[in-house]
Amino acid sequence: MTAAVSCTGLTYAFGDTKAVDGLELTVEEGEVFGLLGPNGAGKTTAIRCITTLLPVPAGMIRVFGRDTAGDPMAVRRLLGYVPQQLSADANLTGRENVTLFARVFDVARKERAERVGQALAAVDLTDAADRLAGTYSGGMVRRLELAQALVSAPRLLILDEPTIGLDPIARTGVWEHINAVREATGMTVLVTTHYMDEADQYCDRVGLMHRGRVRALGTPDELRRGLAEKRGTDTVPTLEDVFRDVAGSGLEDEGGDFRDVRSTRRTANRVG
Ligand SMILES: Nc1ncnc2c1ncn2[C@@H]1O[C@H](COP(=O)(O)OP(=O)(O)OP(=O)(O)O)[C@@H](O)[C@H]1O
């Protein structure tokens, strides 16, 4: 079976900063794959390369077998992307926002209204569809952005920190909607998150990223059991313990942490 995403030797630098440094990553079709790591690990840069928003200066990325450098348009047609930055317009209604994306993604005119309605229904926004997005709560904005990404019926949905800054109920709501669509369509999901508990609960496999590379890979259970064996204890460690073990003291040195507030603040601004 062709992998949904395969990155080989992916490297991307901003000046002297190597944001992604020889990344090897495979996301299998149909799975929910979590890319985890502290601020600055290189998650967003890797995702921007996969979505073709950034060029690939070194290495190779394939999305369902298509080379992102050779055929970026074919790759874009397969993707839905929810970026960290706000992608909904507060001055449009929910329906108008999703319709805009349907036009951008070239959803056939005859099908457009129906597909927009389906995408809004999939995230439980039918009743609020004709209200201005500026009146939505943070959780509703995130679900609207999800609908925008889903309207083109992507085979691969990429989400960059989809739940950051949301309260626990809104976070659960976002995940429930992602999972319902995935079950109905078989869509593959690649998600970045700071929240280890979420990754544990919702991701089939996770890659722990630090300083531009994936340093540990497996199901959350495999990673936790691996550390318990290494330590020779019966106490089951958390994914955060696993990450600390993989990243060593480097985390504290760089001031990065999973609960770093920078991203939280950024998201709080974006929905405010
Ligand atoms: N546009 C840019 N110009 C210069 N440096 C950048 C730029 N974008 C990212 N970087 C740097 O590249 C490195 C990786 O950043 P990236 O945003 O990919 O990490 P991340 O894991 O997604 O972190 P976060 O959770 O904060 O988004 C960091 O050192 C960051 O400062």
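The values are calculated or read from the model by the stated rules, or taken from the named source; none is laboratory data. Predicted model only: the values in this text are computed from it and were never measured. Cβ placement follows ideal geometry from the backbone for every residue including glycine, while neighbour counts extend to all protein chains displayed.
When the stretch 53-69 is filtered for residues that are in contact with a helix residue (DSSP H, G or I) (Cβ under 9 Å, 6 or more places away or on another chain), away from the ligand (no atom under 16 Å from the Cβ) and touching a residue at least 24 places away in the same chain (Cβ under 8 Å), the ones remaining, listed by number, are Arg62, Val63, Phe64.
Would you confirm, using the coordinates I've provided, whether Arg48 is of a type outside the set (A, V, I, L, M), part of a helix (DSSP H, G or I) and more than 9 Å from the ligand (Cβ to nearest atom)? Reasoning before the result, please.
On the way: of a type outside the set (A, V, I, L, M): yes; part of a helix (DSSP H, G or I): yes; more than 9 Å from the ligand (Cβ to nearest atom): no.
Against the criterion (of a type outside the set (A, V, I, L, M), part of a helix (DSSP H, G or I) and more than 9 Å from the ligand (Cβ to nearest atom)), Arg48 does not qualify.
Of all residues in the stretch 142-168, those being β-branched (Val, Ile, Thr) and surrounded by fewer than 23 Cβ atoms within 10 Å (Cβ to Cβ) number 1. Within the stretch 157-197, the residues that satisfy the criterion of being touching a strand residue (DSSP E or B) at 6+ places or on another chain (Cβ under 7 Å), away from the ligand (no atom under 14 Å from the Cβ) and of a type in the set (A, V, I, L, M, F, W, C) are Leu157, Ile178, Met187, Val189.
For the stretch 106-128, does any single residue satisfy the condition of being within 21 Å of Leu150 (Cβ to Cβ), within 16 Å of the ligand (Cβ to nearest atom) and within 20 Å of the chain's Cα centre (by Cα)? There is no residue in the stretch 106-128 that is within 21 Å of Leu150 (Cβ to Cβ), within 16 Å of the ligand (Cβ to nearest atom) and within 20 Å of the chain's Cα centre (by Cα).
I'd like the full set of residues that are more than 9 Å from the ligand (Cβ to nearest atom), in a strand (DSSP E or B) and within 14 Å of the chain's Cα centre (by Cα), limited to the stretch 21-35.
In the first step, residues of the stretch 21-35 are kept if they are more than 9 Å from the ligand (Cβ to nearest atom); the result is 21-34.
Filter once more, so that each one left must be in a strand (DSSP E or B): 21-27, 32-34.
Once the filter is applied, which keeps residues that are more than 9 Å from the ligand (Cβ to nearest atom), in a strand (DSSP E or B) and within 14 Å of the chain's Cα centre (by Cα), the stretch 21-35 yields Val27, Val32, Phe33, Gly34.
Taking each residue of the stretch 157-175 that is under 16 Å from Cys203 (Cβ atoms) and of a type in the set (S, T, N, Q) and looking for partners that are within 16 Å of the ligand (Cβ to nearest atom) and assigned to a loop (DSSP other than H, G, I, E, B) with beta-carbon atoms closer than 9 Å, six or more apart or interchain, yields Thr163/Tyr195; Thr172/Thr163.
When the residues of the stretch 70-85 are filtered to those that are outside any helix (DSSP H, G or I) and surrounded by 16 or more Cβ atoms within 10 Å (Cβ to Cβ), the one that is farthest from the chain's Cα centre (by Cα) is Leu79. When Ser137 is tested against the conditions (1) surrounded by fewer than 18 Cβ atoms within 10 Å (Cβ to Cβ); (2) modelled with pLDDT of 90 or more; (3) closer than 17 Å to Pro83 by Cβ, the lone failure is (3).
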